[in-house]
Amino acid sequence: MEPKVINQTLSKAAQSGRWKYGQHSYFCQKQGSGNNWAYGYSVHGPKHEESVMNLVQKEVEKCDSLSGFFIIMSMAGGTGSGLGAFVTQSLQDQYSNSLRMNQIIWPYGTGEVIVQNYNSILTLSHLYRSSDALLVHENDAAHKICAKLMNIKQISFSDINQVLAHQLGSVFQPTYSTEGSFHYRRNPLGDLMESLVPHPEFKMLGVRNIPQMSESSLAYSTFTWTGLLKHLRQMLISNAKMEEGIDWQVQPHFSGHPTLGKMSLNKELHFNTSIANLVILRGKDVHSADLGGFKDPALYTSWLDPVNAFSVWKTQRAFCKYEKSAALVSNSQFLVKPLDMIVGKAWSMFASKAYIHQYTKFGVEEEDFLDSFTLLEQVIASYCNL
Amino acid sequence: MEEGVVNEILQGPLRDVFDSKQLITDISGSGNNWAVGHKVFGSRYQEQIVEKLRKAAEHCDCLQCFFIIHSMGGGTGSGLGTFLLKVLEDEFPEVYRFVTSIYPSSEDDVITSPYNIILAMKELSEHADCVLPIDNQSLFDIISKINLMVNSGKLGSVVKPNSLVTSSAGALKKRQEKPFDAMNNIVANLLLNLTSSARFEGSLNMDLNEISMNLVPFPQLHYLVSSLTPLYTLADVHIPPRRLDQMFSDAFSKDHQLIRADPKHSLYLACALMVRGNVQLSDLRRNIERLKPSLQFVSWNQEGWKTSLCAVPPVGHSHSLLALANNTCVKPTFIELRERFMRLYKKKAHLHHYLRVEGMEESCFTQALSSLSTLIEEYDQLDATKSMPMPDVPRLSIAV
């Protein structure tokens with residue numbers, strides 16, 4: 001929102017020489033939202049709705065066929081979260097037939113902004129109503145990937161952004177549309193949502209990549225599809241955020257009984273049940289990769305067959321410099337724990353009424369908070385009962 | 001206010017900073033009398049003040065906040081200064097009001113300062129958004145520490161003269177350093193660091209409205225303890241990471257606070273770290289993790305950190321840190337002020353100077369006293385929760 005931030009972003013993109021933002025494809029105001037969700041949503045939102053929607057319309061008109069909107073925002077601040085939630089809602093009103101996927105940045109657990117928990121729960125509850133899918137990236141996870149896998153000593157935000165961009169690229173780069181064909185998929189966003197979000201109650205998606213390492217280590221590594229997929233599967237069921245430190249003890253229940261497989265948040269060896277998974281393979285000999293491990297019904301809930309729950313996209317083209325790479329987009333219990341933590345912290349802050357006056361000043365009342373809490377507790381409960 | 005004082009500023013090196021159209025003077029000052037400053041000068045100059053404020057505000061594209069810098073012990077600074085707060089609140093209700101208040105040291109030459117301070121504090125509690133109290137005594141201690149360092153001539157440690165937080169490096173003209181200059185420079189650096197993220201680029205921006213949003217959990221409790229580090233940079237070019245970590249540790253030690261307070265042993269409600277210069281995100285996070293166990297945070301704000309990174313360091317340093325904390329360690333200061341007030345008030349000493357002014361009554365004193373007592377009580381309540389284990393607030397339960 002603030003001019004110097006926008007200017008920095010535009011000039012950085014233009015400097016790269018490969019692409020840049022359009023001359024008028026930005027919107028800025030002198031003053032940000034002061035980390036206040038209520039300010040972003042109730043003040044900036046209505047005031048600038050027309051200008052922002054006009055800019056969107058210009059871009060939409062340039063498209064031959066609009067598959068949907070991909071909205072990138074953070075949850076901790078005021079503009080990204082508040083104005084982002086408002087814009088998503090406006091898009092829902094104005095373009096009700098197209099899909100909306102929001103990529104949200106989950107803030108650091110140790111805090112970037114003191115009221116980040118309030119901003120996050122308000123954002124999540126509003127997005128749950130107006131967005132079709134939420135692709136979540138956690139700052140903590142990206143930070144660990146930079147530190148452990150990429151071996152970066154002094155991590156800056158551009159390193160973290162690099163990891164996130166890599167993950168997004170590995171998902172959204174073109175892939176073949178059907179098994180054995182050589183035509184590329186026309187509508188990745190739509191296909192992704194079709195396979196991964198079968199039920200509107202379950203919208204939270206996580207991304208995992210393999211392999212991920214610094215360029216210097218790349219020269220010394222070789223990969224096999226079996227190895228990569230084995231690791232990726234274990235990352236899925238043990239809820240690991242990255243390749244290192246995977247817990248191999250966690251295994252699916254062999255009885256496959258859904259009632260026995262209920263997850264409780266306090267269990268040590270909890271098993272990550274999925275609703276739906278999408279694996280994307282890129283690289284040499286991709287057709288020889290064996291994905292049987294992912295089709296095991298024990299990984300999934302009882303009300304969806306693995307045939308419907310699991311899909312795979314492939315392409316021969318390698319991604320970045322990795323000869324073979326795999327990405328997993330998963331609608332599973334990945335995010336229950338972080339969500340539970342944020343709701344817990346926000347609730348204890350709410351119980352002592354701290355900072356509430358900053359929100360009521362701009363029209364977000366205590367009832368709105370309570371509504372958000374109720375909705376999110378419902379989501380947590382639904383995911384836990386998979 | 002007094003013409004003599006204003007004229008001296010206009011002849012000094014900073015004369016170009018002040019627009020002569022924006023000065024208001026009177027023949028005599030307030031005589032160290034809060035009532036004269038607040039009631040007499042307030043009503044006399046209200047229109048003029050509002051007029052000049054409006055003119056200045058119209059030049060702004062986007063007015064974010066007002067900075068009010070004043071002393072609490074005298075008459076004009078505390079009386080007229082706090083009157084200004086009310087005017088700003090009425091005329092510009094959406095603009096934040098940041099107040100930097102200088103509290104006198106205990107060896108203070110103004111006898112009636114306790115009255116002035118308590119009367120002013122009531123106004124601050126009600127009309128300011130954020131107050132940064134600064135203590136003359138602490139400033140003095142910091143200067144002594146620096147002088148000790150400079151003069152001790154430790155082997156291998158040569159202090160870069162420009163890097164002293166008290167130096168007026170960057171000032172246009174060299175002139176003879178007067179005794180209060182060093183102390184004023186510290187406060188100037190504080191304000192510069194506070195606004196640096198709003199003025200310069202950085203990887204993690206922080207505007208001024210975010211300060212109030214994050215650090216003020218309850219409207220009354222808006223007193224922030226500040227600390228600036230480092231105080232000086234050694235001329236040694238190689239800065240090992242230990243120095244960087246040392247900067248973070250120093251920010252929480254009681255020697256670096258700009259008010260007599262010990263935040264480490266009191267309860268933190270919230271804390272903001274504003275870093276300038278060549279510091280990366282990972283350094284910041286590492287230091288937060290390192291320092292967290294030694295600090296006590298209130299139960300509902302266990303990770304109450306607000307961080308900002310600005311790319312441009314201050315003059316003469318490669319990096320610096322300003323820590324703002326909303327901490328119950330201001331309570332002892334307030335209690336002491338109340339004591340000093342009671343000592344005079346019980347004997348009704350010097351009271352007639354105040355009551356003589358039109359509009360001033362004894363009830364003003366009692367109201368001010370009770371407002372301060374309420375404030376102290378609120379801090380007390382929070383302190384009481386310090387040693388208690390975190391209460392388990394039952395969450396909403398959903399029928400499945």
Just to confirm my filter: which helices (runs of 4 or more DSSP H) fall fully inside region B:298-391 and include at least 1 residues that are among the polar types (S, T, N, Q) and within 14 Å of another protein chain (Cβ to nearest Cβ)?
B:362-384
So which pairs qualify, if the first residue must be in region A:127-154 and more than 14 Å from chain B (Cβ to nearest Cβ) and touching a residue at least 24 places away in the same chain (Cβ under 8 Å), the second must be hydroxyl-bearing (Ser, Thr, Tyr) and buried (at least 21 other Cβ atoms within 10 Å of the Cβ), the Cβ gap must be under 7 Å, and the two must be at least 6 apart or on different chains?
A:LEU127/A:THR88; A:SER130/A:THR88; A:SER131/A:THR88
Only residues that are of a type outside the set (Lys, Arg) and within 11 Å of A:ASN117 (Cβ to Cβ): list them for region A:340-353, please.
A:MET341, A:ILE342, A:VAL343, A:GLY344, A:ALA346, A:TRP347, A:SER348, A:MET349, A:PHE350
Among (1) in a helix (DSSP H, G or I); (2) within 23 Å of B:LEU139 (Cβ to Cβ) - the single one B:LEU291 does not satisfy
(2)
If you scan region B:263-297, which residues turn out to be surrounded by 23 or more Cβ atoms within 10 Å (Cβ to Cβ) and among the small types (Gly, Ala, Ser)?
B:ALA270, B:ALA272
All-but-one check, B:VAL275 against (1) within 17 Å of B:LEU192 (Cα to Cα); (2) outside any loop (DSSP other than H, G, I, E, B); (3) aliphatic (A, V, I, L, M); (4) at the interface with chain A (Cβ under 10 Å from one of its Cβ atoms), failing number (4)
With (1) more than 14 Å from every other protein chain (Cβ to nearest Cβ); (2) in contact (Cβ under 8 Å) with a residue 12 or more places away in the chain; (3) aromatic (Phe, Trp, Tyr) as the list, and A:TYR39 as the residue in question, which single condition is left unmet?
(1)
Within region B:93-133, the residues that are under 22 Å from B:ASN214 (Cα atoms) and small (Gly, Ala, Ser) are B:SER101, B:SER125, B:ALA128
Within region B:92-105, can one find any residue that is more than 14 Å from chain A (Cβ to nearest Cβ) and at pLDDT below 80?
yes
Of (1) under 20 Å from B:ASN189 (Cβ atoms); (2) within 12 Å of another protein chain (Cβ to nearest Cβ); (3) aliphatic (A, V, I, L, M), B:LEU291 satisfies every one except (1)
Evaluate region B:5-25: report whether one residue or more is part of a strand (DSSP E or B) and modelled with pLDDT under 70.
no
Here is a list of conditions, (1) within 30 Å of A:PHE369 (Cβ to Cβ); (2) part of a loop (DSSP other than H, G, I, E, B), and A:GLY40 meets all of them except one; can you say which number that is?
(2)
The one condition B:LEU221 fails out of (1) within 23 Å of B:ASP283 (Cβ to Cβ); (2) modelled with pLDDT of 85 or more is (1)
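Just for region A:159-173: of the residues that are farther than 17 Å from A:SER16 by Cβ and within 14 Å of another protein chain (Cβ to nearest Cβ), which one is nearest to the chain's Cα centre (by Cα)?
A:VAL163
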Just to be sure I understand the filter: pairs with C-beta atoms under 7 Å, separated by 6 or more residues or on different chains, first member in region A:241-253 and within 16 Å of A:PHE334 (Cα to Cα), second member of a type in the set (Ser, Thr, Tyr). Which pairs pass?
A:ILE246/A:SER238; A:ASP247/A:SER238; A:VAL250/A:SER238
Can you name the helices (runs of 4 or more DSSP H) wholly within region B:62-157 that have at least 2 residues being out of contact with any Phe, Trp or Tyr (no Cβ under 7 Å at 6 or more places or on another chain) and within 13 Å of B:TRP34 (Cβ to Cβ)?
B:81-91, B:113-127
Any residue that is under 26 Å from the mean Cα position of the chain (by Cα), loosely packed, with under 11 Cβ neighbours inside 10 Å, small (Gly, Ala, Ser) and over 23 Å from B:ARG199 (Cα atoms) - is there at least one of those in region A:9-20?
yes
When you go through (1) in contact with a helix residue (DSSP H, G or I) (Cβ under 9 Å, 6 or more places away or on another chain); (2) crowded, with 16+ Cβ neighbours inside 10 Å; (3) not in a loop (DSSP other than H, G, I, E, B) one by one for A:ASN161, which number turns out not to apply?
(2)
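The values are calculated or read from the model by the stated rules, or taken from the named source; none is laboratory data. Nothing here was measured: the structure is a model prediction, and the numbers come from that model. So basically every Cβ, Gly included, is an ideal-geometry build from the backbone, and we count neighbours across all protein chains shown.
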